[in-house]
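Notes follow the structure.
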Amino acid sequence: SSGINAEYGEQQTISISKAGIVASLQARCAIIAAANPIGGRYDPSLTFAENVDLTEPILSRFDVLCVVRDTVDPVNDERMARFVTGSHMKHHPANNRGEADNTEGEDRKNHINQDLLKKYIMYARTKVKPKLHYVDQDKVAALYAELRRESMATGSIPITVRHIESMIRMAEAHAKLHLREYVREDDINIAIRSMLESFIDTQKYSVMKNMTATFSKYLSYKKDNNELLLFILKQLAKDQMVYSRSRYGGAAGVSTVEVSAEELEDKARQINIHNLQPFYESDLFIANKFIHDKKKKNIILTL
């Protein structure tokens, strides 16, 4: 299978030789592959290649590499447990369907109907062909040089010219998703960020933090303020929940977590974000079940 993947990634063809039939088939499609780590659990002290036992030529042909780790996160663990139990209750044959729909009405109001989503994706794939009008070549060249240097220094996955092509493909895909005629700077920034996050996520745990600081100028820009703030806020909420559990012994009956708004604002100032009001009013903030209490100057997370 490795040989087939290499041939497809290089030539977009697959050769078949079976039962006296020899053929070369066109195979122009996207590949989404999954691999279990050696031993059944990802070891952050090893490189990505050492964890999955795949050769560098194979790995270099994928645009994005995602590491799914089973980490302990009190906030997400609590939410996952509620989701699983709620899903079983909702789909039980004896459950009243109407009551289930009413309880989830609030959560579904921002969801997109699946049929509409399928039509949107089909339209974007068949009708939208964004053109690469302008690319900041100096920015891409500097990033490529830095990535090559870090790759050699850390012994991680090799960075090749294919990764520049990957950035271009992801930028075009992001523009297509927004039904744009031309690829904009925002699309390039998102592509760079996606590739960098993929690269950093495959590093050993010992170098991930330093590498994040090295590429911080590429990982954040003005369009990402809300997502950055949400990430920081979730970390603060997780820390607060860990503290509450260690102090009060368990979380029985705990339905909310409170975070100081001033603490979040201090963290935001460290990354040059000074106005948090747009974040408090954003759909992203509300969708993640956060409430900003101006009088008490705190943020409440509903579990």
Name every residue in the range 54-77 that is modelled with pLDDT of 80 or more, open to solvent by 40 Å² or more (accessible area, probe 1.4 Å) and either within 30 Å of VAL242 (Cβ to Cβ) or touching a helix residue (DSSP H, G or I) at 6+ places or on another chain (Cβ under 7 Å) (or both), in order of residue number.
-> ASP63, VAL64, CYS66, VAL68, ARG69, ASP77
Restricting the range 155-172 to residues that are at pLDDT below 85 and of a type in the set (Ser, Thr, Tyr), which is surrounded by the most Cβ atoms within 10 Å (Cβ to Cβ)?
-> SER156
ARG162 fails exactly one of (1) outside any loop (DSSP other than H, G, I, E, B); (2) of a type outside the set (A, V, I, L, M, F, W, C); (3) in contact with a helix residue (DSSP H, G or I) (Cβ under 8 Å, 6 or more places away or on another chain), namely (3)
Which residue out of ARG193, ARG184 is more than 22 Å from THR214 (Cα to Cα) and at pLDDT below 90?
-> ARG184
Among the candidates LYS176, LYS139, LYS209, residue that is modelled with pLDDT under 80, out of contact with any Leu (no Cβ under 6 Å at 6 or more places or on another chain), assigned to a helix (DSSP H, G or I) and at negative phi = LYS209
The lone condition ILE32 fails out of (1) part of a loop (DSSP other than H, G, I, E, B); (2) modelled with pLDDT under 80; (3) loosely packed, with under 10 Cβ neighbours inside 10 Å is (2)
Qualifying positions in the range 142-159 - in contact (Cβ under 8 Å) with a residue 12 or more places away in the chain and either not in a helix (DSSP H, G or I) or not hydroxyl-bearing (Ser, Thr, Tyr) (or both) | LEU143, GLU146, LEU147, GLU150, GLY155, SER156, ILE157, PRO158, ILE159
Answer with yes or no whether LYS209 is under 21 Å from the mean Cα position of the chain (by Cα) and surrounded by 15 or more Cβ atoms within 10 Å (Cβ to Cβ).
-> no
Quick one: is SER45 hydroxyl-bearing (Ser, Thr, Tyr) and either modelled with pLDDT of 70 or more or open to solvent by less than 60 Å² (accessible area, probe 1.4 Å) (or both)?
-> yes
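The values are calculated or read from the model by the stated rules, or taken from the named source; none is laboratory data. Just so it is clear, the structure is predicted and the values come from calculations on it, not from any experiment. Because the Cβ atoms are built from the backbone with ideal geometry, glycine has one as well, and the counts that use them run over all protein chains shown. All accessible areas refer to the heavy atoms of the entire protein, side chains included, with ligands and DNA or RNA removed. Shrake-Rupley method; radii C 1.70, N 1.55, O 1.52, S 1.80 Å.
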